[in-house]
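Report on the structure given below.
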Amino acid sequence: MFTLGVDIGSTTAKAVILKDGKDIVSSSIVVATVGTDGVSRAMENALRESGVRREEIRFTVATGYGRKTFAGADLQLSELTCHAVGVHREFGDVRTVIDIGGQDAKVLSLNEEGRMANFVMNDKCAAGTGRFLDVMANILHLDISQLEVEAARAVHPANISSTCTVFAESEVISQLASGVRIPDLVAGICQSVAARVASLVKRVGVREQVCMSGGVARNAGVRNAMEKELGVRIVYSEHAQLMGALGAALYAYDKVQNDNL
Amino acid sequence: MGEEVKKKRPAPDPNSAKYKLGQIAAKAYSDCMEAKARGEMVGWCASNFPVEIPETLGLSVCYPENQAAAIAARGGGERMCSESEGDGYSNDLCAYARVSLAYMKLKDAPEQNMPMPDFVLCCNNICNCMIKWYENIARELDIPMIMIDIPFNPDYEVSDAETEYIRAQFWGAIHQLEKITGKKWSDERYKEVMEISGRSSRAWLAATSCAKYLPSPFNGFDLLNHMAVMVTARGKKEAAEAMETLLKEYEDNHEKGDSTYHGEEKYRIMFEGIACWPWLRVTSTGLKSRGINMVTTIYADAFGFIYDDFDGMCRAYARVPNAMNLELSRDKRIKLCKDNHVEGLLVHTNRSCKLWSGFMAEMSRQIGRACDIPVVSFDGDQADPRNFSEAQYDTRVQGLMEIMEANKGGRSDGNR
Ligand code: SF4
């Protein structure tokens, strides 16, 4: 039986097709904003890659910021629950999930059964999110994927004191102008995201094991800074960015099983 | 324009509490307008200033906070806030103050007009921002300001020394007002007002406590509208009668298994903080569409004052929510959660009200732990619509619902 999870985030659309609630038969990530055809493209990519026909999908769960805009879903769930479900399947012992996405950062506290018991999210601004990293990478003329490599080359990480994206932008520009090296700046930027998100983590309480999910989790610069900031080891999955879509597909499977759909 | 709309809607029952309360709230403004037109002096009054004083003296007062809420709820918040910001008032300042200062200057807001003041009555038991706000009004309009200082109380009880300090100021304010307006204080009349205010308060508190019933006989958002009368008119007989009608209706609803919350009440939450007036519909629909009833909020109960003499009145005004310490604030809310079978707490982190929002993170954490309920907060503002994001609100409310559902041992049906 196939189930589909679609995660419509603020900057990317993700789709995961799951077989019998276990195997990811295909997945797709499309960089596109809500309201564009990104979702259907992500879904079509996943279908094409898996060879599964649309009619064969038994149940579809949509999640993410744009979940309500997707007409093809049987159910809409918040990305909070979906990340909790996804992470729990990947790492059964995880109690704290740090999910940094394009526009927001969330920290989930899971109970022993892997259910979300509590969560906090960043407030309205983009500080401590993928957006912050995008803006900074842009100033430094780097691709977002290069941040990790640059951060690793840092000798004296710069201190970026502003967490506000707009203020930090001018701070980075002036440090750049005064000759601070790019790797040191990148390390400082990662550190700034980590510090901002760590304060959210502390609000729900750090309970091990800690996992990072969402697109930013792939960035070792931020992950390492976060480990230092929290003083714990952080696990992450190669599917980090797909975790919401994966959780949605898993939830879809469970729903069919439990409700005899 | 209204005619067509009116035809479609059933005529409101003039005996219903909703109708009566709506009339009183509207009349508060028209009475003031008429008094002003008659050449009487009228005042602007802070919401937690002892209303018993102007009421006993027979003075007409109106409430800038209530007016700002009305303006914001009717879509004028941003316009008025921007007007004040253009005059140099910071965007960080309380939005009620920004709306009010803009109104003082423009003297007109189609959403809700009120007469210009001849004096202002200020009391800092809810916040100190109010002092500067009222001082500016008094200075700009060159009118007297009566100021009562009720300090933040770090203790659980109100001490005799504090009572004495407040009592002296209340009498000072009375004498000042007698001098300014030429009206005379009467102990007899005071007793009457105190009794009426007590009647209104008792009925109001009893009505709000009907949330103890399962399901609740009312939709908690009703309280946010009805409390306007408690703020502006609790010392008036019509208010006491309307509140008693409200209580009776809620009791009757319970008997009949009826409720003003239409739909199945699947979850019950407490709402913390001032309502997001510009986004009232969005915030209430976000809950309603998920079967969540906001059954209780400290904000509504804050306007029930029960006491039986002048000193009791002094103590009551020293125990309003923003004047009390973290422990007492927390315990009062824990009681509300427990009495009303609350399953989750939704906290409005209000950009305007620093005082209220400042200790909210720690307080709600303690409430969540004591009641074993999830706590979720969202960003907003009571009158400035710019500080709210609908999508973020929605995700948080859905997350809250999913936890409450999981706590009941069920699986979420999400939003189909
Ligand atoms: S909303 Fe807060 S800051 Fe504004 S007047 Fe009321 S108590 Fe003061």
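With the structure loaded, tell me whether B:K354 is within 16 Å of the ligand (Cβ to nearest atom), out of contact with any strand residue (DSSP E or B) (no Cβ under 8 Å at 6 or more places or on another chain) and among the charged types (D, E, K, R) or whether it fails that test.
Yes; evaluated as a whole, the condition is true for this residue.
Would you confirm whether any residue within region B:84-96 is within 11 Å of the ligand (Cβ to nearest atom), away from chain A (no Cβ under 14 Å) and touching a strand residue (DSSP E or B) at 6+ places or on another chain (Cβ under 7 Å)?
Checked region B:84-96: no residue is within 11 Å of the ligand (Cβ to nearest atom), away from chain A (no Cβ under 14 Å) and touching a strand residue (DSSP E or B) at 6+ places or on another chain (Cβ under 7 Å).
So which residues in region A:175-191 are part of a helix (DSSP H, G or I) and either in contact (Cβ under 8 Å) with a residue 40 or more places away in the chain or of a type in the set (V, I, T) (or both)? Can you show your working first?
Quick first cut of region A:175-191, residues part of a helix (DSSP H, G or I) only: A:175-177, A:182-191.
A:I182, A:L185, A:V186, A:I189, A:C190, listed by residue number.
Just wondering, is there one or more residues in region B:158-168 that are open to solvent by 10 Å² or more (accessible area, probe 1.4 Å), of a type in the set (D, E, K, R) and either within 13 Å of the ligand (Cβ to nearest atom) or touching a His at 6+ places or on another chain (Cβ under 7 Å) (or both)?
No, region B:158-168 has no match at all.
Cβ-Cβ distance below 8 Å, separation of 6 or more or different chains: which pairs start in region B:201-219 with a residue that is open to solvent by 30 Å² or more (accessible area, probe 1.4 Å) and end on one that is of a type in the set (S, T, Y)?
Within 8 Å, the pairs are B:P215/B:S259; B:P215/B:Y261.
Restricting attention to region A:217-240, report how many residues are within 18 Å of A:T63 (Cα to Cα) and either basic (K, R) or open to solvent by less than 30 Å² (accessible area, probe 1.4 Å) (or both). Please lay out each step first, then the result.
Here is the first cut: in region A:217-240, the ones within 18 Å of A:T63 (Cα to Cα) are A:239-240.
After this cut, where a residue has to be either basic (K, R) or open to solvent by less than 30 Å² (accessible area, probe 1.4 Å) (or both) as well, the list is A:240.
Residues flagged as within 18 Å of A:T63 (Cα to Cα) and either basic (K, R) or open to solvent by less than 30 Å² (accessible area, probe 1.4 Å) (or both) within region A:217-240 amount to 1.
Counting just the residues of region A:194-218 that are of a type in the set (G, A, S) and part of a helix (DSSP H, G or I), which one comes out nearest to the other protein chains (Cβ to nearest Cβ)?
Once the filter is applied, the top-ranked residue is A:S199.
Among what's in region B:125-150 and is open to solvent by 20 Å² or more (accessible area, probe 1.4 Å) and away from the ligand (no atom under 15 Å from the Cβ), pick the residue that is nearest to the other protein chains (Cβ to nearest Cβ).
To start, the set of residues in region B:125-150 that are open to solvent by 20 Å² or more (accessible area, probe 1.4 Å) comprises B:126-129, B:131-132, B:135-136, B:139-145, B:147, B:149.
Next, from what is left, pick out any that are away from the ligand (no atom under 15 Å from the Cβ): B:139-145.
On the way: B:R139: 34, B:E140: 33, B:L141: 36, B:D142: 40, B:I143: 38, B:P144: 41, B:M145: 35 Å.
Here the residue is B:E140.
Just to be sure I understand, how many residues within region B:43-78 are in a loop (DSSP other than H, G, I, E, B) and either under 27 Å from B:E192 (Cβ atoms) or not small (G, A, S) (or both)?
Here the count works out to 10.
Which numbered condition trips up B:I306, out of (1) closer than 30 Å to B:D394 by Cβ; (2) of a type in the set (A, V, I, L, M, F, W, C); (3) open to solvent by 60 Å² or more (accessible area, probe 1.4 Å)?
(1)
Within region B:357-387, how many residues turn out to be more than 8 Å from every other protein chain (Cβ to nearest Cβ) and either under 13 Å from B:T283 (Cβ atoms) or of a type in the set (V, I, T) (or both)?
7
Within region B:152-160, is there a residue that is among the aliphatic types (A, V, I, L, M) and assigned to a loop (DSSP other than H, G, I, E, B)?
yes
B:K36: away from the ligand (no atom under 16 Å from the Cβ), in contact with a strand residue (DSSP E or B) (Cβ under 6 Å, 6 or more places away or on another chain) and either open to solvent by 30 Å² or more (accessible area, probe 1.4 Å) or of a type in the set (D, E, K, R) (or both), yes or no? Don't jump to the end; show me each part of the working.
Values: away from the ligand (no atom under 16 Å from the Cβ): yes; in contact with a strand residue (DSSP E or B) (Cβ under 6 Å, 6 or more places away or on another chain): yes; either open to solvent by 30 Å² or more (accessible area, probe 1.4 Å) or of a type in the set (D, E, K, R) (or both): yes.
Criteria met by B:K36.
Tally up the residues in region A:234-259 that are more than 19 Å from A:V31 (Cβ to Cβ), more than 14 Å from every other protein chain (Cβ to nearest Cβ) and free of Cβ contacts under 8 Å to residues at least 24 places away in the same chain, please.
0
In this structure, does A:V6 turn out to be open to solvent by 20 Å² or more (accessible area, probe 1.4 Å), closer than 18 Å to A:A252 by Cβ and modelled with pLDDT of 85 or more?
Judged against the criteria, A:V6 is not a match.
Being in a helix (DSSP H, G or I) and open to solvent by 40 Å² or more (accessible area, probe 1.4 Å) is the filter here, so list the residues in region B:248-279 that pass it. It would help to see each step written out before you state the result.
Residues of region B:248-279 in a helix (DSSP H, G or I): B:248-256, B:277-279.
The answer is B:K248, B:E249, B:E251, B:D252, B:H254, B:E255, B:K256, B:W279.
Of the residues B:R139, B:R199, only one is more than 24 Å from the chain's Cα centre (by Cα) and in a helix (DSSP H, G or I); which?
Sole residue among the options that is more than 24 Å from the chain's Cα centre (by Cα) and in a helix (DSSP H, G or I): B:R139.
Looking at region A:28-72, which of its residues are among the basic types (K, R) and under 29 Å from B:Q392 (Cβ atoms)?
As a first pass, look at region A:28-72 and keep what is among the basic types (K, R): A:41, A:48, A:53-54, A:58, A:67-68.
Matches in region A:28-72: A:R41, A:R67, A:K68.
Among the numbered criteria (1) within 11 Å of the ligand (Cβ to nearest atom); (2) over 30 Å from B:Y190 (Cβ atoms); (3) crowded, with 21+ Cβ neighbours inside 10 Å, which single criterion is violated by B:C122?
(2)
Give me the strands (runs of 3 or more DSSP E) completely within region A:47-126, filtered to those with at least 2 residues that are open to solvent by 20 Å² or more (accessible area, probe 1.4 Å) and more than 9 Å from chain B (Cβ to nearest Cβ), ordered by residue number.
Qualifying strands (runs of 3 or more DSSP E): A:57-63.
List every residue pair whose Cβ atoms lie under 8 Å apart, where the two residues are 6 or more positions apart in sequence or sit on different chains, the first residue falls within region B:336-364 and is open to solvent by less than 40 Å² (accessible area, probe 1.4 Å), and the second residue, located anywhere, is more than 16 Å from the ligand (Cβ to nearest atom) and of a type in the set (F, W, Y).
These pairs meet every condition: B:G344/B:Y267; B:L346/B:F378; B:V347/B:F378; B:H348/B:F378.
Here is a check on your reading of the model: is B:N153 farther than 23 Å from B:F303 by Cα and within 16 Å of the ligand (Cβ to nearest atom)?
Here the answer is no, as B:N153 does not meet what is asked.
Among B:V397, B:V375, which is the only one that is more than 16 Å from the ligand (Cβ to nearest atom) and open to solvent by less than 10 Å² (accessible area, probe 1.4 Å)?
B:V397
Answer yes or no: is there a residue in region B:240-247 that is of a type in the set (D, E, K, R), at pLDDT 95 or above and touching a Ser or Thr at 6+ places or on another chain (Cβ under 7 Å).
no
Can you tell me which residue within region B:79-103, out of those that are part of a loop (DSSP other than H, G, I, E, B) and within 17 Å of B:L355 (Cα to Cα), is most open to solvent (accessible area, probe 1.4 Å)? Break it down into steps so the answer makes sense when it comes.
Step one: of region B:79-103, the residues part of a loop (DSSP other than H, G, I, E, B) are B:87-94.
Right, trim to within 17 Å of B:L355 (Cα to Cα) and you get B:90-94.
Values: B:S90: 59, B:N91: 70, B:D92: 105, B:L93: 50, B:C94: 21 Å².
Ranking the candidates gives B:D92 first.
The values are calculated or read from the model by the stated rules, or taken from the named source; none is laboratory data. The structure displayed is predicted, hence computed values, not measured ones. In this analysis, Cβ positions are derived from the backbone assuming ideal geometry, glycine residues included, and neighbour counts consider all displayed protein chains. When the accessible area is computed, the model is the full protein with side chains, heavy atoms only, and any ligands, DNA or RNA have been set aside. Shrake-Rupley method; radii C 1.70, N 1.55, O 1.52, S 1.80 Å.
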